[in-house]
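Scroll down for the structure; my scribbles are underneath it.
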Protein chains: 4
Amino acid sequence: MSTSTNKRDDIIHSALTLFAERGFDATTIPMIATDAKVGAGTIYRYFDNKEVLVNTLFQHYVTLFSDTLEKNYPEEDSIYQKFHHLFQGMVRFTNEHDHALYFIKTHASAYFLTADSREQFSHLLMILQNFFDEGKKKKQIRKLPSQALIAIMFGGFLQLYQLIRAGEIEASEDLLVGVEESFWDAVRHHQ
Amino acid sequence: MSTSTNKRDDIIHSALTLFAERGFDATTIPMIATDAKVGAGTIYRYFDNKEVLVNTLFQHYVTLFSDTLEKNYPEEDSIYQKFHHLFQGMVRFTNEHDHALYFIKTHASAYFLTADSREQFSHLLMILQNFFDEGKKKKQIRKLPSQALIAIMFGGFLQLYQLIRAGEIEASEDLLVGVEESFWDAVRHHQ
Amino acid sequence: MSTSTNKRDDIIHSALTLFAERGFDATTIPMIATDAKVGAGTIYRYFDNKEVLVNTLFQHYVTLFSDTLEKNYPEEDSIYQKFHHLFQGMVRFTNEHDHALYFIKTHASAYFLTADSREQFSHLLMILQNFFDEGKKKKQIRKLPSQALIAIMFGGFLQLYQLIRAGEIEASEDLLVGVEESFWDAVRHHQ
Amino acid sequence: MSTSTNKRDDIIHSALTLFAERGFDATTIPMIATDAKVGAGTIYRYFDNKEVLVNTLFQHYVTLFSDTLEKNYPEEDSIYQKFHHLFQGMVRFTNEHDHALYFIKTHASAYFLTADSREQFSHLLMILQNFFDEGKKKKQIRKLPSQALIAIMFGGFLQLYQLIRAGEIEASEDLLVGVEESFWDAVRHHQ
DNA sequence: CATGAATGAGCTTTCATTCAT
DNA sequence: AATGAATGAAAGCTCATTCAT
């Protein structure tokens with residue numbers, strides 16, 4: 001019957017938004033506290049310090065994203081089917097967790113990430129890398145280093161997503177179909 | 001007679017490197033001063049404050065990049081020729097100004113950018129936008145919002161460039177040819 | 001029917017130990033609560049605040065110590081008998097209330113003591129002062145200000161007691177006899 | 001021609017006074033800054049943090065005290081001569097460095113002392129221990145553990161000194177002569 | 001011009017205290 | 001009566017900025 005949500009979740013949500021919008025260093029604990037409508041001290045009941053907070057957040061969303069990509073992965077289907085699955089995963093994750101993917105990207109090489117966080121992120125990259133490696137072996141993906149292909153897709157997608165969030169373009173069904181096609185053409189092997 | 005280069009340039013160079021590597025907020029004035037081998041106070045002889053410094057830097061490199069793209073723009077040639085010119089411009093600019101493009105991207109939506117800086121950045125986008133608009137009119141570029149096409153290319157390229165700087169992949173001639181092809185396939189109109 | 005001892009006593013006991021070991025300012029309320037196995041809020045049911053707690057403690061043990069010294073004081077006996085009584089009182093009190101005397105000494109001139117606490121402490125000093133005054137009048141105690149004699153004995157004894165608690169020397173019967181002799185020689189009138 | 005003293009010394013002096021009067025934990029950096037008439041940040045130009053400050057202070061005065069005791073130590077003279085030298089050293093050091101000895105004693109077993117600091121303090125104790133050990137061997141010092149004898153003398157002297165500083169008794173020549181006699185009787189071997 | 005010691009505003013963090021349960 | 005989650009005031013500390021040299 002209570003309308004109040006869980007405080008820990010409020011903090012996580014506020015921190016995610018602010019870290020994504022301003023970056024870790026430009027986000028202060030008082031900012032997060034105000035946004036989450038809790039006292040500054042309360043944040044320290046849930047997280048030992050600011051770096052633990054950002055790492056917890058990072059690992060949480062990286063894991064969630066990895067899970068999204070791995071769930072129902074069409075192991076037996078065509079490369080294109082797999083590509084489609086991954087792309088749709090990106091779109092869905094992005095819709096369900098507003099700032100999460102952008103937060104992940106902008107903080108993925110930050111100086112304050114722990115070994116744990118880096119490892120989780122490596123796992124995420126590995127999922128994508130495996131896909132591209134398989135595709136290249138089957139001569140259906142362009143002969144470029146998998147890391148490069150990931151960068152092209154990830155980098156492009158997130159840059160695009162920022163535009164959508166900024167309201168500069170609309171995330172219509174048409175747009176997403178077109179973008180998926182564009183990325184597929186960017187990475188697929190052309191005769 | 002002095003062998004030392006211009007102090008203002010030293011400061012700009014150090015600031016660019018550090019802002020690109022650590023971000024604006026994680027970079028302190030003493031860090032820049034130490035790296036540039038000048039006193040901290042000296043920075044304030046050339047720049048009113050830290051925000052002026054970062055905006056000066058931003059505008060400087062955005063302008064330089066715009067100039068690179070506009071110079072010798074093949075106004076009369078094919079869309080592909082123009083694409084090739086723009087891509088080569090990105091590559092060349094990136095080689096000549098080590099951290100500049102990455103700095104531009106990571107700071108392009110920062111909270112501390114002045115109207116001036118945002119305008120300069122808009123101009124840069126406009127160059128690319130004009131190209132895509134023209135290409136779409138001539139049915140040689142994919143029917144997607146130009147902003148989306150820019151995001152895909154810019155975002156992808158810079159993500160890729162980060163890998164190169166991090167030493168994770170090598171910027172061979174082959175790679176660049178392959179990447180150019182990939183981007184061209186991403187943006188061109190397919191029958 | 002409960003096996004647990006009185007909560008107020010638990011708090012007093014834990015506070016005494018921690019104040020003696022770490023000092024008032026380095027001891028936090030949560031530390032005391034944890035050690036006493038009560039909630040932090042419970043401490044405030046028994047004591048208005050931390051300063052009230054430390055003053056209550058101080059007065060409690062100062063009074064207890066005064067009582068120990070006054071009880072069975074050999075009013076009619078020789079100065080040496082009285083000295084012996086006082087010294088034995090110190091030893092006994094120290095054995096019965098582990099950290100109490102050390103806590104008293106280290107907090108006897110603290111900035112947070114109330115007038116009440118200071119008065120109680122004065123009473124304790126008065127007991128000793130009366131003894132020394134009488135002894136000097138009877139020419140059996142060294143001609144030094146009584147306060148000085150108290151300082152010498154109290155200061156020395158507690159410093160010694162710290163060593164015993166730290167386990168650096170053992171509180172054997174021999175040691176105590178020797179120490180009593182030493183103090184007696186320090187304060188008695190020599191021909 | 002300047003009347004201003006060295007800022008580092010001002011900080012050290014203020015810190016010594018406050019640490020001695022209130023203790024480490026009850027002394028705040030702003031208190032020290034105010035007392036030393038410097039900005040709070042200035043303290044951090046000279047000392048990395050509060051613990052470094054207190055350890056620097058501790059080692060400085062322990063070394064100074066050790067030097068005072070060791071200088072002109074009458075290696076060839078009688079035990080009593082040596083005792084006199086040590087006692088006079090304590091008196092002189094105490095007069096020259098107002099709060100130093102009290103600060104040393106009250107912080108000598110603090111939780112924040114570094115290994116270095118503890119070592120320096122051990123060296124100081126060793127000087128006294130060697131004296132007592134030699135005296136006992138020559139049967140001129142009471143048969144008690146040297147540590148106990150040190151505690152009696154040190155503890156008593158400092159407790160006394162506090163009275164003097166508090167203005168409760170006056171440090172007349174007579175007093176000091178009497179106190180020296182008292183301590184000598186406390187520690188010397190009696191037939 | 002150039003410097004870096006000095007500053008204090010504002011950061012991260014702790015902890016005495018309150019209060020809903 | 002007892003609790004411990006929540007709070008915010010104030011601590012330790014950093015760093016953009018100033019200014020005497």
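Worth a mention:
- Residue satisfying all of: in the stretch C:1-37; within 14 Å of chain D (Cβ to nearest Cβ) and away from DNA strand E (no atom under 12 Å from the Cβ); surrounded by the fewest Cβ atoms within 10 Å (Cβ to Cβ) among these: C:21
- Residue in the stretch A:68-80 that is out of contact with any helix residue (DSSP H, G or I) (no Cβ under 6 Å at 6 or more places or on another chain), within 16 Å of DNA strand E (Cβ to nearest atom) and of a type in the set (Phe, Trp, Tyr) present: no
- Flag if residue C:108 is assigned by the TED database to the domain that holds residue C:154, within 25 Å of residue D:105 (Cβ to Cβ) and of a type outside the set (Phe, Trp, Tyr): yes
- Total residues in the stretch B:38-55, condition surrounded by fewer than 18 Cβ atoms within 10 Å (Cβ to Cβ) and in contact (Cβ under 8 Å) with a residue 12 or more places away in the chain: 3
- Scanning the stretch D:52-81 for residues that are within 14 Å of DNA strand F (Cβ to nearest atom) and of a type outside the set (A, V, I, L, M), we see that the one that is nearest to the other protein chains (Cβ to nearest Cβ) is D:55.
- Scope the stretch D:33-51; condition under 23 Å from the mean Cα position of the chain (by Cα) and either aromatic (Phe, Trp, Tyr) or more than 8 Å from DNA strand F (Cβ to nearest atom) (or both); matching residues: D:35, D:36, D:47
- Number of the condition not met by residue B:98 [criteria: (1) within 14 Å of chain A (Cβ to nearest Cβ); (2) within 11 Å of the chain's Cα centre (by Cα)]: (1)
- Restricting attention to the stretch B:9-31, the residues that are within 25 Å of residue D:45 (Cα to Cα), of a type in the set (A, V, I, L, M, F, W, C) and more than 11 Å from DNA strand F (Cβ to nearest atom) total 2.
- Residue that is farthest from the other protein chains (Cβ to nearest Cβ), among those in the stretch C:109-141 that are over 23 Å from residue C:55 (Cβ atoms) and in contact with a Phe, Trp or Tyr (Cβ under 9 Å, 6 or more places away or on another chain): C:131
- Residues satisfying the stated conditions in the stretch C:176-191, i.e. within 24 Å of residue D:109 (Cα to Cα) and at the interface with chain D (Cβ under 7 Å from one of its Cβ atoms): C:179
The values are calculated or read from the model by the stated rules, or taken from the named source; none is laboratory data. Only a predicted model underlies this, so the values are computations on that prediction, with no experimental measurement involved. Positions of Cβ are generated from backbone atoms using ideal geometry, with glycine treated the same way; all protein chains shown enter the neighbour counts.
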